[in-house]
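One structure is given here, and the rest of the page talks about it.
Each value in this text was obtained by applying a stated rule to the coordinates, not by laboratory testing. For clarity, every value in this text was computed on a predicted model and none was experimentally measured. So basically every Cβ, Gly included, is an ideal-geometry build from the backbone, and we count neighbours across all protein chains shown.
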Amino acid sequence: MHVVTLLKANMFDVEIDGKPASIAEALPDWNPHDRFGLVIDDALGGIGATHLLQIAITSFYDVKPSRRTELTVYPEIYAFHIGKGYGAHAPYDFWPARREVITSRDHREVLDAINDRGITRLAVPDRQPREVVHRPKEVDAALDRIVSAFVYSPSGRVSDPDLVISGNDRRTEYNPNSALRPRYTDNRPASVSTAAKPVKEVDPSYQEWLRKREHDLTSEERAFVERRREALRQDGLVTETYRRAGVREALMRLASAGLD
């Protein structure tokens, strides 16, 4: 749970519709019960939504400061891998392993998994919208509960964005670097130490999970994603772009995830 001390809201700059904005405007009315869901259908695709994910993490802790001090809790974030695993995203603190859900390519099962985990903020990959029929009442359940939806690209940049999130501190690249090059021992720098709190990096089951997911990707795929991320960096910092979407639109794009 290194993100407790690693990430702070002031490490990110936000623009909405071309104007300076706040995290609170990007994630309006965030509350202590919000849960962030990230749909993944490309090799380490979630790296393209790094900053959106990380401002959700800071919001999780900031809305209830005791989570940073008195409690020992991982952020309520969930990754949904469509059809197969696309590489461990656990370095972002998708932990324990149940927070990385591997579903079939059946859009009904994907939405079932999202609803089962009570996701309230949803990010989906930029795929073509597709008209589908879900199981009875599952769409209504999602519409009733999900507050915000976003379209992201595994590359980190979407066309026609209306939301821009930039890191202004190099520590904002710690998590994508860790996902690209998984650490199999607890060799984190002191700057991300969680002091006396137990951390996943020393948990044997965490090391086992990383190794289990290691073969989700080929070495060529991992190298491609690493080059793609590096191409975005200027002075070690990255700017990502997103589109905000209605929940119905997000569910239609969700239905095309994993079909390419």
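Of note:
- When both bridge partners sit in the chain, DSSP labels roughly 50% of those beta bridges antiparallel.
- Coordinate range of the alpha-carbon atoms in the chain per principal axis, descending: 49, 41, 37 Å.
- Ordering of 240-247, 203-210 by burial proxy (mean other Cβ atoms within 10 Å per residue, highest first): 240-247, 203-210
- Summary of packing: across the peptides 115-122, 229-236, the per-residue average of other C-beta atoms within 10 Å ranks them, highest first, as 115-122, 229-236.
- Straight-distance candidates among the lysines for linking to Lys212, with alpha-carbon spacing under 26 Å and chain neighbours fewer than 8 residues away dropped: Lys84, Lys197, Lys200.
- Unit charges on C-beta of K, R, D, E only; dipole of the range 3-254, Debye: 400 debye
- Packing-based ranking, highest mean first, of 45-58, 98-111, 211-224 given that Cβ atoms within 10 Å are counted: 45-58, 98-111, 211-224
- DSSP-loop GluC sites (Glu not before Pro) across the range 13-78, with at most 16 other Cβ within 10 angstrom: Glu70
- Which of Arg170, Arg228, Arg181, Arg253 has the fewest Cβ neighbours within 10 Å, and the rest in rising order: Arg181, Arg170, Arg228, Arg253
- Taking 0.36 nm per residue of separation and subtracting the current Cα-Cα distance, fully stretching the chain between Leu71 and Asn31 would add 12.7 nm.
- Under 27 Å from the Cα of Lys19 - lysines, other chains or at least 8 residues apart: Lys8
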